[in-house]
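Student: Here it is: the structure, laid out below.
The values are calculated or read from the model by the stated rules, or taken from the named source; none is laboratory data. A quick note: this is a predicted structure, and the numbers were derived from the prediction, not measured. Here the Cβ positions follow ideal geometry from the backbone for every residue, glycine too, while neighbour counts run over all protein chains shown. Quick note on the areas: whole protein, heavy atoms, side chains included, nothing else; ligands and nucleic acids left out. Shrake-Rupley method; radii C 1.70, N 1.55, O 1.52, S 1.80 Å.
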Amino acid sequence: MKAFLILEDGTVFTGTSIGSTREIISEIVFNTSMTGYLEVLTDPSYAGQAVVMTYPLIGNYGICQEDMESLKPWPDGYIVRELSRIPSNFRSEDTIQHFLKENDIPGISGIDTRALTKILREKGTMNGMITTNEGFDLDDVISRMKNYEVTGVVKASTCKETFVLSGNGKKVALLDLGAKKNIAHSLHERGCEVTVYPALTKAEEILAANPDGIMLSNGPGDPKECTEIIAEIKKLYDSNVPIFAICLGHQLMALATGADTHKLKYGHRGGNHPVKDLETGRVYISSQNHGYVVDVDTMDPSVAVPAFVNVNDGTNEGLKYTNKNIFTVQYHPEACPGPQDSSYLFDRFLNMMEER
């Protein structure tokens, strides 16, 4: 079946429908990862967005449920150059086209994703529509797209109730802002007892459990929308409990302590982003998925100082909080998919809890 991807600037791509045939309007973003398409699909940080995969062949190793980063896929839509309809992998349990259809996610294949990505890089992230309706009215579609905003996605993607991963080591409270499964797993495999809390949990409830450390997870959307959560994170900051924050958690901690954030032109999404440790000068290759960054010029150095910087564009990739057992990073040390260069940050967090 023929399908169309229509961008907010009026550009129209024609391809083949994959997955669901329902019509969606979403924010169109691109991911440069060469592998890990299932982990990308099941990353809650993509809630409210449609993902373009820049790697040309997607689906060649099928679907393996064990690799999913959450219980279901989160993007509104999926855009690929070529879909491999016959996977070759002894672990494969399903095809990607059936997985998309089963989860009611519409997509489009057979379009020039390289040309699409160049448009998004030059003009910036924009809204778009995926539709199978050949009789669409372009002016009407553009008008509808301009009104689309990504809202309410943290509340939609967080866990619904508290649960515990038992362990004999340090007690870690993980605030689920749209967390990838491997964050809790990375702590649990280091022996930690991980208690996962929904995003709107009050700080008093978390602190009453007397955790050895607090983890703030990744998540989707504009950090400034999370005003209730920011107020609770300020209370966690005021405690003396060690805190490690990733991605959205990093942004919310910065907002809670007086800094500002802004939206990037087209974001950082992929598994090959270089970040520099400002203390050692060492560069790590990181997995990233974010559209917003902390504006370090608005951060009071008596509160926090930059700890990591993006080598490509100079944007902030992490903060070290002054006279506090708190450090935060913009990228994903748990990877999945991506390089494992930064997994040592979980060990740093454990050492911080030990020293306390």
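Student: Name the pairs: first residue in the range 160-174 and closer than 10 Å to His188 by Cα and open to solvent by less than 40 Å² (accessible area, probe 1.4 Å), second residue among the hydroxyl-bearing types (Ser, Thr, Tyr) and assigned to a strand (DSSP E or B), Cβ to Cβ under 9 Å, at least 6 apart or on different chains?
Tutor: Within 9 Å, the pairs are Val172/Thr195.
Student: Given the range 33-126, what helices (runs of 4 or more DSSP H) lie entirely inside it while holding 2 or more residues that are open to solvent by 10 Å² or more (accessible area, probe 1.4 Å) and hydrophobic (A, V, I, L, M, F, W, C)?
Tutor: 113-123
Student: Identify, from the list Val293, Val283, the residue that is open to solvent by 10 Å² or more (accessible area, probe 1.4 Å), among the β-branched types (Val, Ile, Thr) and either touching a residue at least 12 places away in the same chain (Cβ under 8 Å) or within 30 Å of Lys123 (Cα to Cα) (or both).
Tutor: Answer to the selection: Val283.
Student: Do we have Glu23 as without any contact (Cβ under 8 Å) to a residue 40 or more places away in the chain and either open to solvent by 10 Å² or more (accessible area, probe 1.4 Å) or not assigned by TED's automatic domain parsing to the domain that holds Asp140 (or both) here?
Tutor: No, not satisfied.
Student: I've got another one for you. Of all residues in the range 238-270, which are open to solvent by 30 Å² or more (accessible area, probe 1.4 Å) and either of a type in the set (Phe, Trp, Tyr) or at positive phi (or both)?
Tutor: Gly258, Tyr266
Student: I need the full set of residues from the range 298-313 which are more than 16 Å from Ala259 (Cα to Cα), in contact with a Leu (Cβ under 9 Å, 6 or more places away or on another chain) and open to solvent by 10 Å² or more (accessible area, probe 1.4 Å), in order please.
Tutor: Scanning the range 298-313 gives Val309, Asp313.
Student: Shifting gears a bit: Find all pairs meeting these conditions: Cβ atoms under 8 angstrom apart; at least six residues apart or on different chains; first residue within the range 140-157 and in a helix (DSSP H, G or I); second residue β-branched (Val, Ile, Thr).
Tutor: From the range 140-157, the pairs are Val141/Ile6; Val141/Thr131; Ile142/Ile6; Arg144/Ile25; Met145/Ile6; Met145/Ile25; Val154/Ile229.
Student: Shifting gears a bit: Yes or no: the range 116-132 includes at least one residue that is more than 21 Å from Arg269 (Cβ to Cβ) and not assigned by TED's automatic domain parsing to the domain that holds Lys263.
Tutor: Within the range 116-132, one or more residues are more than 21 Å from Arg269 (Cβ to Cβ) and not assigned by TED's automatic domain parsing to the domain that holds Lys263.
Student: Identify, please: which residue in the range 314-356 is assigned to a loop (DSSP other than H, G, I, E, B), in contact (Cβ under 8 Å) with a residue 24 or more places away in the chain and out of contact with any strand residue (DSSP E or B) (no Cβ under 6 Å at 6 or more places or on another chain) and is, among those, surrounded by the fewest Cβ atoms within 10 Å (Cβ to Cβ)?
Tutor: Restricting to residues being assigned to a loop (DSSP other than H, G, I, E, B), in contact (Cβ under 8 Å) with a residue 24 or more places away in the chain and out of contact with any strand residue (DSSP E or B) (no Cβ under 6 Å at 6 or more places or on another chain), the top hit is Arg356.
Listed here are the residues, each with its yes/no results for (1) within 18 Å of Met352 (Cβ to Cβ); (2) free of Cβ contacts under 8 Å to residues at least 40 places away in the same chain.
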| position | (1), (2) |
| --- | --- |
| Glu193 | yes, yes |
| Lys202 | no, yes |
| Asp212 | yes, no |
| Leu216 | yes, no |
| Asp222 | no, no |
| Glu225 | no, no |
| Ile229 | no, no |
| Asp238 | yes, yes |
| Val241 | yes, no |
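Student: Tell me which residues, restricted to the range 191-221, are touching a Ser or Thr at 6+ places or on another chain (Cβ under 8 Å) and assigned to a loop (DSSP other than H, G, I, E, B).
Tutor: Ala199, Leu200, Thr201, Ala209, Pro211, Asn218, Gly219, Pro220, Gly221
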